[in-house]
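To keep things clear, I will list the structure first and then write my remarks on it.
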Amino acid sequence: MPELDTPGTIRAGEELDHVKLEAHLRARIPDCTGPLTIQQFPSGYSNLTYLLRFGERELVLRRPPFGTKAKTAHDMGREFRVLSALHPYFPQCPKPLLNEEEDALLGAPFYVMERIQGVIVRKQFPEDYTLSPEQHAGLAHSMFELLASLHAVDFAAIGLGELGRPEGYVRRQVEGWSRRWGNAHTADAPNCDAVMAWLHERIPETSRPALIHNDYKLDNLVLDPENPLRTIGVLDWEMATLGDPLMDLGGSISYWIQNDDAESLQAFRMAPTHLAGFPTRREAVRIYEDCSGVPIEDFTFYYAFGLFRLAVVMQQIYYRYYHGQTQDARFAGLTPMVEALLNQAALVQQTGEW
């Protein structure tokens, strides 16, 4: 069996109050017996994620990062409400257990959910999780098939009709992320005025309203250890909302590095999508199109926006490091990634090739 996603030592400055948390959880969640141990999952650049163990029982706690600048992007209560409504209808969504909206206990809001035990694929597959090209293709197909099924959920019927405003969603996203770029700009940031101008001039109408994940990528999926083509969990719902499903797909495709991409993109690859058998970006979009039954005439805008948004996310994270709001050394080298993403967006906009 391949190695599961493994937590480790808590990073300096990101410790939780062990005594207070243990007493709080014992009083509110059944079957929390035995001593509490806490570890931290090392990956991810956004909300902090911890593994809590009470004997054999494993829980996951999520809280905003320390020194957060963009507070609205880390609404723990909102994320908890999405999970609570969605879990009965989309079982890959983790089961939420406890929500704490006050800062008193840990210095920030947080929530606790059941842990989904499985394999998470990051930049490389685990050493003992070797797949064939045919399995790579099958994994990609199941990934985009699951995304299409999420977009087909009747969000109003499950009580999420007020989660967002799908009308005008694309315009608000372009305008909002452009403002975020300005707010997170640093002296060493690359220029992206032309990329933003292109997006503003080509804003399409929202294709159809859907519940969207907004950060759907391979390392947010939990795979069945015995069957790599079966996804048993989808993680990180912090940005879920009602919007345009093609924007959700564009965000996914912005992470999709294929084997003929430039070295500047390959250097920041976050998943092994360059390996034989994985579809190209265009082929992945066709898979989604076939599974959703919704024709996609031109995807250029959505991919270009996905690249721009990802660049802004990385710049926001780097902003915190630049201004000393976090000491996480991983953030020091994000500027070349921001530049590579913006260069790719500009190339896509100029050539229409993606």
**OP:** Can you figure out the FRET efficiency of Arg165 with Asp193, using R₀ = 30 Å and their beta-carbon distance, to the nearest 0.05?
**Re:** 0.60
Original post:
Between Arg28 and Arg57, what is the spin-label point distance in nm, taking each point 7 Å from the Cα along the Cα→C-beta axis?
Top reply: 1.4
Original post:
Can you give the % of DSSP beta bridges in the chain that are antiparallel, to the nearest 5?
Top reply: 100
Original post:
Where Rh denotes the Kirkwood radius from the mean inverse Cα pair distance, what is Rg over Rh for region 277-324?
Top reply: 1.21
Subject >> Alpha carbon convex hull of region 124-208, volume per residue in cubic angstrom >> reply: 208
Subject >> Computed P(r) (all Cα pairs; the chain; 10 Å bins; percent) >> reply: 5, 24, 35, 27, 8, 1, 0
Subject >> 1.4 Å probe accessible area per residue over region 220-354, in Å² >> reply: 36
Original post:
Ignoring ligands, DNA and RNA, what percent of the accessible area of the chain is carbon or sulfur (1.4 Å)?
Top reply: 50
Original post:
In Å², what does the accessible area per residue of region 60-188 work out to with a 1.4 Å probe?
Top reply: 47
Original post:
Separation of region 75-153 and region 250-321 by C-alpha centroid, Å?
Top reply: 19
Original post:
Shape call for region 6-118 from the C-alpha gyration tensor, a ≥ b ≥ c root eigenvalues: rounded (a/c under 1.5), prolate (a/b greater than b/c) or oblate?
Top reply: rounded
Subject >> Peptides 338-349, 319-330 ordered by average Cβ neighbours within 10 Å, highest first >> reply: 338-349, 319-330
**OP:** Enumerate the residues in region 124-146 having an amide nitrogen under 17 Å from the point lying 7 Å beyond the Cα of Gln266 toward its Cβ.
**Re:** 124-125
Subject >> Fully extended contour minus Cα-Cα distance, from Glu283 to His323, at 0.36 nm per residue >> reply: 10.3 nm
Subject >> Sequence-distant residues sharing a close amide H with Arg165 (under 5 Å, placed H) >> reply: Leu242
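The values are calculated or read from the model by the stated rules, or taken from the named source; none is laboratory data. Quick caveat, the model's predicted, so the values are computed rather than measured. Methodologically, a virtual Cβ is constructed for each residue, glycine included, from the backbone with ideal geometry; neighbour enumeration extends over all protein chains shown. The accessibility values were calculated without ligands, DNA or RNA, using every heavy atom of the protein model including side chains. Shrake-Rupley method; radii C 1.70, N 1.55, O 1.52, S 1.80 Å.
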